[in-house]
Amino acid sequence: MKKMEDIPDRKLLLFKSCMVSQEYPGIEKATKYLFDRLGIDYFVSEEQSCCTGIGHYVDLYGQLTTTAIAARNFAVARKCGYPNIACMCSTCYAINKEACELLNGNEEVRAQVNSVFREKGLEDLVYAKGDLDERTNIFHVLEVIFSKKELLTEMTEVDFSGLKAAAHHACHYYKFRPEDMIGNPENPRLIDGVAGACGADMLRWYEDRSLTCGMGFAQLHIHKDTSLKVTQTKLESLRKAGVELLLHMCPNCHIQYDRCQPVIEKEFGSEYDFVHMNIAQFAALALGADPYKVCGLQTHSVPLENFLEKYGII
Amino acid sequence: MTLIQIDEYDTPAGKSLAETIKASIRTPDSLGLDRCIQCGACTASCPAARFTAYNPRLLVKRVLENDRGVLEDETLWNCFYCYTCQLRCPRNNSPAKLVQVLRQLALNEGIGLENMEHFLGLGEFFAAHGISQVPEHYLGKMAEALGSSWVEFKRDLPAIRAELGLGSLDIRDERKEIRSILEGTGHFERAESLRARLKESGASEGIEENKFLNAIPGKNKSEDINLEKNGRYSGPEALIV
């Protein structure tokens with residue numbers, strides 16, 4: 001199991017996410033805000049591409065394609081001198097970890113990827129074994145924030161005492177590589193740790209806490225009813241638990257909860273009075289960040305104005 | 001230029017389904033497929049098993065019995081890829097990984113092609129922009145479901161990103177590296193062959209899978225996002241292969 005002291009705070013490539021960029025850009029801005037306030041050394045590259053995650057998990061891209069794209073992004077990280085990859089999306093995290101392990105451990109795959117680079121005149125992308133280490137160079141942004149949670153407590157400006165919040169941890173973070181996470185995969189508590197440090201009262205457990213958000217990549221498209229049923233099941237559990245806020249760590253979950261909640265309300269005839277946020281948005285708010293100019297909460301489908309008013313933020 | 005067949009890596013020929021799965025680069029050498037004790041922890045934990053007829057324990061059993069009928073089992077397409085089965089398996093097996101290889105095998109045999117229809121254009125979009133978008137038909141459905149607030153948000157995205165100090169959505173890729181990599185690793189051939197077989201099979205629902213909502217700032221003006229009365233976007237035919 002990974003220890004908190006293994007999390008780097010220097011030379012981090014903040015790995016952009018397609019879904020963050022296009023649906024909830026405030027997650028990226030809030031992450032940068034937090035990194036700046038916490039004194040973390042990071043860089044964002046214009047050259048870094050999509051990890052292939054969406055296409056990979058809808059069974060479109062072969063593993064070789066996915067691995068070669070990852071190798072290119074690893075070259076980007078290496079070339080700019082920021083070899084510690086920190087992902088905002090749990091699927092980027094899983095894709096990069098798996099590809100890195102394959103590049104280091106499977107000689108045939110590495111040779112094939114490199115031969116594609118050479119044939120296409122992209123010699124500078126060639127991957128040498130051990131260029132990056134899947135365990136010590138690839139992280140989730142939440143791990144970085146979690147490793148600074150004592151600082152967050154010192155810096156928190158907004159009084160969130162009495163806020164009843166719950167966490168949804170991302171499957172592709174803790175279920176995909178349980179040996180490589182901080183804490184216990186049967187009871188992940190990273191979000192709880194960060195939100196707790198900012199003064200929220202975190203619900204210890206709720207029914208279906210470890211159930212997937214329901215997105216399931218192709219599932220939302222090819223089996224939409226089942227996908228929404230899973231999400232509705234979680235929303236019902238949260239309603240019964242009486243939470244005000246659900247915090248997550250992945251834009252795919254974020255879309256499934258925030259964008260689909262009004263759809264589920266309509267289709268299932270139910271009503272939910274809680275709101276959604278990425279943990280980076282919440283921590284940034286706690287530190288006094290602007291809810292719109294930093295956290296980008298205007299991009300949400302479930303309006304947060306009542307919540308923000310209640311805690312004196314607007 | 002050596003032609004790469006994706007099949008050689010994802011679904012290498014083997015004496016049995018289990019041999020192909022173990023040899024696939026989608027599964028690690030440590031995969032505990034042969035060690036499965038049929039305990040059912042996977043099925044007990046699985047969201048797809050809870051809400052559909054999918055049964056990962058049974059799927060693993062059928063694979064070990066080399067029952068190729070699993071490829072035609074529609075429940076194969078119910079897995080969420082959430083990896084709860086992998087987390088809970090006491091023998092380091094991963095039904096979620098098995099499903100990834102089995103779906104590729106099914107597609108090779110022309111089974112389940114209709115499940116790919118929405119996604120076949122993702123590679124072209126990726127090659128052109130360096131990022132991925134959700135399929136256009138889904139954006140249309142989102143607009144239909146979420147109404148004007150979401151459509152307005154999509155329209156305002158470039159301005160919101162600018163206010164947040166975020167740069168261009170498209171990546172910088174002067175050498176067209178993404179296109180080269182997709183080409184060199186056989187992606188376009190794979191997508192083209194799936195598209196052709198889908199057309200042949202007559203299973204196509206007639207979704208124009210290459211039509212993506214192009215909301216890329218600097219590429220298209222925001223007015224390009226048009227919402228018709230039926231909730232589907234008419235808007236730009238961004239990328240045609």
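The numbers here are math on the coordinates, done by the rules we state, and not lab data. None of these values were measured; they are calculated from a predicted model. FYI the Cβ positions are ideal-geometry reconstructions off the backbone, even for glycines, and counts take in every protein chain you see.
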Item checked: Peptides B:35-43, B:66-74, A:98-106 ordered by average Cβ neighbours within 10 Å, highest first -> A:98-106, B:35-43, B:66-74
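How much length would be gained if the chain were fully extended between residue A:314 and residue A:157, taking 0.36 nm per residue of separation minus their Cα-Cα distance, in nm to one decimal? It would help to have the intermediate numbers written out before the result.
Details: separation 157, 0.36 × 157 = 56.52 nm, distance 1.38 nm.
Using 0.36 nm per residue and subtracting the Cα-Cα distance, I get 55.1 nm.
Within region B:110-202, report the trypsin sites (Lys or Arg not before Pro) that DSSP leaves as loop and that have at most 16 other Cβ atoms within 10 Å.
Values: sites: B:141, B:154, B:155, B:161, B:172, B:175, B:176, B:179, B:190, B:195, B:197, B:199; in loops: B:172, B:175, B:176.
When the trypsin sites (Lys or Arg not before Pro) of region B:110-202 are filtered for loop state and at most 16 Cβ neighbours within 10 Å, B:172, B:175, B:176 remain.
Looking only at other chains, what is the average number of their beta-carbon atoms within 10 angstrom of each beta-carbon in B:147-155? Spell out each step's value before the answer.
On the way: counts 2, 0, 5, 5, 0, 1, 5, 3, 0.
What the average comes to for B:147-155 is 2.
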Note to self: Given axes a ≥ b ≥ c from the Cα gyration tensor, I'd like to know whether the protein assembly as shown is rounded (a/c under 1.5), prolate (a/b larger than b/c) or oblate.
What the structure shows: rounded
Checklist line | Net charge dipole size for the protein assembly as shown [Lys, Arg +1 and Asp, Glu -1 on Cβ; Debye, nearest 20] | finding: 760
Next item on the list: Please give every one of the aspartates and glutamates within straight-line cross-link reach of residue A:129, meaning a C-alpha to C-alpha distance under 12 Å, and leave out same-chain neighbours fewer than 8 residues apart.
Entry: A:101, A:107, A:108
Margin query: If I take the Cα coordinates of chain A and project them onto the principal axes, what are the three extents in Å, biggest first?
Written below: 58, 45, 34
Notebook entry, point to check: Where does helix A:63-79 land angle-wise versus the long Cα axis of chain A, in degrees 0 to 90, nearest 10?
Noted result: 90
Notebook entry, point to check: What are the aspartates and glutamates whose alpha-carbon lies under 12 Å from the alpha-carbon of residue B:61, with same-chain residues fewer than 8 places away excluded?
Noted result: B:34
Note to self: Below 16 Å, Cα to Cα, which lysines can residue A:229 reach? Residues fewer than 8 away in the same chain don't count.
What the structure shows: A:266
Item checked: Ranked list, fewest to most other Cβ atoms within 10 Å of each Cβ, for A:3, A:148 -> A:3, A:148
